[in-house]
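What follows is a set of notes on a single structure, which appears directly below.
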Amino acid sequence: MRRKTIAVCGLMLFFLSCAGCQPKADPRMVAVMCNGIVSRIYGDIMRIRYKYPALENFGPRHLKEAPLEKPAGCIGDCGVWEYASISYQGQVMRRMRNGNVLEMAVLSIGFTKRPYDPKKQYVEPAIRVHIKSMDLYLQGVVRTSNSDLQAEVVEIIKKDAQEK
């Protein structure tokens with residue numbers, strides 16, 4: 001009788017402990033969603049790159065999509081193993097009437113599980129968007145000597161990060 005009571009209590013505790021648990025997102029679906037968002041951002045930056053000399057070398061090698069298959073070393077449920085991102089650094093020297101001007105652009109756009117934390121990250125992102133369906137944060141570090149470029153890239157990230 002006592003064993004039966006302990007077993008029933010144990011089962012009740014087990015079910016009650018997971019009553020408020022959210023089901024884990026399928027890693028493949030999260031990877032597909034991350035890839036879609038980053039691909040939209042990449043496409044929009046490609047459309048504006050002709051306006052800004054600092055983006056003249058921006059291209060496919062700066063886009064990294066999340067793999068849809070588990071890596072070879074992954075055993076069991078690994079969750080999301082790698083996120084999609086964009087990483088670019090470019091600069092160009094322009095000759096002006098009053099001297100040379102160096103135009104530069106640094107873009108780092110990617111997903112994290114936690115919001116910006118100044119104790120762990122050295123560079124504050126220009127934009128942070130919480131994507132609730134994936135429970136991820138899209139963060140974009142945009143550093144450039146051209147304020148128009150910075151504003152346009154931040155707007156692109158805001159627009160493309162909206163859940164569709």
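Counting other beta carbons within 10 Å of each residue's own, what order do 112, 144 fall into, fewest first?
If I rank by nearby Cβ atoms, fewest first, I get 112, 144.
Amide H neighbours of residue 145 under 5 Å, counting only residues 5+ apart in sequence or on other chains, H built in-plane at 1.01 Å?
104
Read-outs throughout are calculated quantities, based only on the coordinates presented, and are distinct from any laboratory measurement. Remember, it's a predicted structure, so these values are computed and weren't measured experimentally. Neighbour counts run over all protein chains shown; Cβ positions are idealised from the backbone, glycine included.
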